[in-house]
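Okay, so here's the structure we're looking at.
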Amino acid sequence: MKTWKVITRRVAELHLTRTYLVALGACALAAVVLSFVPLLNLVGYESAAFFGVLGGLLATGLTVADARRFDALKGRALDFGRLALRNLALLIAPLLILSLNGLRVPNCDWGAGLSFWALISVMAVLMGTASAWVAVTVLRGRKVSYALAFGLPLLDAAALAYHLATQPPIVGHQWFLGYFGGSIYDEALAVPVSLIVYRALHALAIVAVVAALDARWRWKQGARAGWTATLALGATLAMAVGFAHRQDAGIAIDRDHIIAELGGVIETEHFLIYHPQTRAWQKKAPLLAEDHEYRYDQLKRFFGTDPVAEHGRKVRSFVYADRDSKGALMGGRNTMVAKLWLHEMHILWRGTGDRMLTHELAHIFTEPFGSGPLRLSMQRGVGVNMGLVEGVAFAAEWPARELDAHQASRAMRELGIAPDLGALLGASGFWTQASGRAYTLMGSFVRYLIDTYGIERFKEVYGEGHFEEVYGNDVGALVGEWERFVDALDLSEDQREVARYLYDRPSIFVRVCARTMAEWRRQANEASRDGQPAEAIVLLRRVLDAQPELLWAHLELARALAQMGQMDEALDLLEARQQSPLSPVERAELEALMGDLRWRAGRAKEASQSYASCLEVGVPVDLERSLQMRLRYARREQRRARSYLIDTPGGAMGMYRLMRWDEETPEDPGVAYLIGRRLWQSEEWVEARPWLERAQGSLGVEVLDAEAALMLGQVHYFLGRAQDAQALFEALSHSPLTRYREEARQWLDRLQWKRNSIENGVR
């Protein structure tokens, strides 16, 4: 009985008011609802961010409302601790509910999920409690305390929004949200170091203000407050040092910091190009500048707009060395970004002709006819129409692929994997689809509108989405026109299967543990690349434990096992996977790897049979090219070929093996092709030319001859041999292979632009 009285008294001291119980119920109800919302239905980043915002707001309001009950006006640290614990209890029910939901929806990485909750949700509640504690203590509990308590986190949210709008980064930090991850297309997400540092600064801030207020109360009581004052001062100093170096930790990075980190700059007629200041990038600088100016002219002709002339300021182009450095400096490892209202873009550049440059620059060209403060396409002034925003950039880019966007759209519709185009034109429908399908379908639709009705009418409809006023037909009728256009295109069975392979992939919202899987895959690839296959094997087995049907995981696990020398185990794994349902292209991809492993095991005849069976179905061009080269030499059982094509040595050893191979078979055009390709990849144009000339037209396989001709044409272009390049590109522009035909036509256009530039004295 005595124990029960103690418990009752302790519960009463917590002041579980009706308002608090309602808040507790609201959190539990929210967790139940989120249990059925993709990404938010498990203990992870998204649910942590949601309950960070909800819990932070509730903790703020409850703290102000219950300030007098908890003696907040005195500012004692003990009272703050009691209130903070009560507010943290708001998270218990949501965490339990989402954890139990893990029995229904797989949660593949509890450790990462709980880490996000600790850093985001728990710290958000503590920050909300602390901001309200300061407000009621300083303002003596007056009603204006609510304004200050909620005003502090709202000002912080406004500061984040302003930073995202005016500075390069697409990621950021906020009191309650914790970490804003930027693009949904960057699926891989581990706990960022910047979030850990950010919350460490918050912990110091909480200690500093609570200790300072407690010291003030002690002084008023005539008690000794030396240790609390010292604690407040120490925490404040530590926080000040951390804040001064916040950008080094990835917090609130600004443009000046990025420019300083990159180090290099090129100024051209239309651009300020910031790039890594390394010897390799200095060598690339002239081609980087030329590629920017060519794409600008190309898009100027397409859109009929000149944003630099119109605004009188040059486009700022930030070019990053690799995905990791881009992710560290501005976010979005895999997402290229154009902030057109700032006249700047952030890209990776893999060499002359890289389509990423074209796509992002196309966004800049839409700014003159966009609407709203961000100069984007709006839905009658409400909500951004991302379908048109990305669709017009894709239509302007029009990448050279096995299937162009019209053909791919035709295939997706026939295969039943094309989403409703009307939904893609909505403010949110575009993001809920897999990016490959959404971009391609919208690119095809927009290109159809431009080719059929002209660019000027599209520019009229782009800003506000008034389709009926501009085209005389509503969206449904225009979509119907486009459907009849693409459905009339001819398509082979091989093309359909390539489209199935490329586009029949689920979006992040329907994949199991999408972020965890992507992160494990990234880590496994990094481990294999660094010569640590054992670590990759552990990660890939985790993936397959969660999703045994993932083909890519089986393939990468087999490669890692082979890297460890466990060839029989790797082959057994792939042979078992053969019994599962696979599309023809997936089966070819699996069979191709089995061929590699068999050849490596000395079974060249079986390997050649594997490669030949793969080529009986339509496969993507890159895979076909690789298969044709392997088949060529597996049939001959050439050891030198296997040591290069299958063992894939890098650096100087790879070139050494190629040269030794060439010494043994000096008349073999295939070896010349491989040497020329390697030199072409290294941008050693002078050295690459004789090898590619020896290979060009002598390989006897259409895709290999087309690739050799394309590379040789580019080499001639870079060496200033315009006539030789022209001849090769003109011949290739009639190729039956869509990708090479379109690539050649783009290079012919580039040649003409360069001639015009020279004639006009423009560099």
Q.
Could you tell me how many of the residues in the range 371-392 are surrounded by 22 or more Cβ atoms within 10 Å (Cβ to Cβ) and in contact with a helix residue (DSSP H, G or I) (Cβ under 7 Å, 6 or more places away or on another chain)?
A. 6
Q) Can you find even one residue in the range 509-528 that is closer than 30 Å to E456 by Cβ, in contact (Cβ under 8 Å) with a residue 40 or more places away in the chain and in contact with a helix residue (DSSP H, G or I) (Cβ under 7 Å, 6 or more places away or on another chain)? A) no
Q) Residues of the range 244-280 being in a loop (DSSP other than H, G, I, E, B) and β-branched (V, I, T), which ones? A) I251, I253, T268, T278
Q: Run down S613, S626, S608 and say which single residue is crowded, with 21+ Cβ neighbours inside 10 Å and modelled with pLDDT of 90 or more.
A: S608
Q: Would you check if there is a residue in the range 61-68 being part of a helix (DSSP H, G or I), in the same structural domain as I206 (by TED's automatic domain parsing) and either at pLDDT 90 or above or within 25 Å of A190 (Cα to Cα) (or both)?
A: yes
Q. So, of the residues in the range 14-40 that are within 14 Å of P94 (Cβ to Cβ) and either at pLDDT below 90 or among the polar types (S, T, N, Q) (or both), which turns out to be surrounded by the most Cβ atoms within 10 Å (Cβ to Cβ)?
A. L40
Q) So is A722 in contact with a Leu (Cβ under 9 Å, 6 or more places away or on another chain) and crowded, with 20+ Cβ neighbours inside 10 Å or not? A) no
(Q) Going by what's in this entry, would V715 be described as over 25 Å from W398 (Cβ atoms), in contact (Cβ under 8 Å) with a residue 24 or more places away in the chain and surrounded by 15 or more Cβ atoms within 10 Å (Cβ to Cβ)? (A) no
Q.
So, in the range 186-222, how many residues would count as being part of a helix (DSSP H, G or I) and free of Cβ contacts under 8 Å to residues at least 60 places away in the same chain?
A. 14
**Q.** Among residues of the range 270-320, those that are within 23 Å of N760 (Cβ to Cβ) and free of Cβ contacts under 8 Å to residues at least 24 places away in the same chain, counted
**A.** 7
(Q) Please list, ordered by residue number, the helices (runs of 4 or more DSSP H) wholly in the range 334-443 having 2 or more residues that are closer than 24 Å to L164 by Cβ and either among the aliphatic types (A, V, I, L, M) or at pLDDT below 90 (or both). (A) 355-366, 386-397
Q.
For the list (1) of a type outside the set (A, V, I, L, M, F, W, C); (2) farther than 30 Å from R333 by Cβ; (3) buried (at least 21 other Cβ atoms within 10 Å of the Cβ), I need the number of the one condition that R140 fails.
A. (3)
Q | Members of the range 456-468 that are surrounded by fewer than 19 Cβ atoms within 10 Å (Cβ to Cβ) and modelled with pLDDT of 90 or more | A | E456, R457, E460
Q. How many residues are in a helix (DSSP H, G or I) and within 31 Å of the chain's Cα centre (by Cα) if we restrict to the range 568-593?
A. 14
Q) Quick one: which helices (runs of 4 or more DSSP H) sit completely within the range 80-154 and have at least 1 residues that are free of Cβ contacts under 8 Å to residues at least 60 places away in the same chain and under 30 Å from N41 (Cα atoms)? A) 92-101, 110-116
Q: Please verify whether the range 276-286 includes one or more residues that are aromatic (F, W, Y) and within 30 Å of E456 (Cβ to Cβ).
A: no
Q: Determine whether A280 is modelled with pLDDT under 95 and within 26 Å of the chain's Cα centre (by Cα).
A: yes
**Q.** Number of the condition not met by D248 [criteria: (1) surrounded by fewer than 17 Cβ atoms within 10 Å (Cβ to Cβ); (2) over 30 Å from R515 (Cα atoms)]
**A.** (2)
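The values are calculated or read from the model by the stated rules, or taken from the named source; none is laboratory data. These figures come from a predicted structure and were not determined experimentally. When we count neighbours, we look across all protein chains shown, and the Cβ atoms used for this are built from the backbone with ideal geometry, even at glycine.
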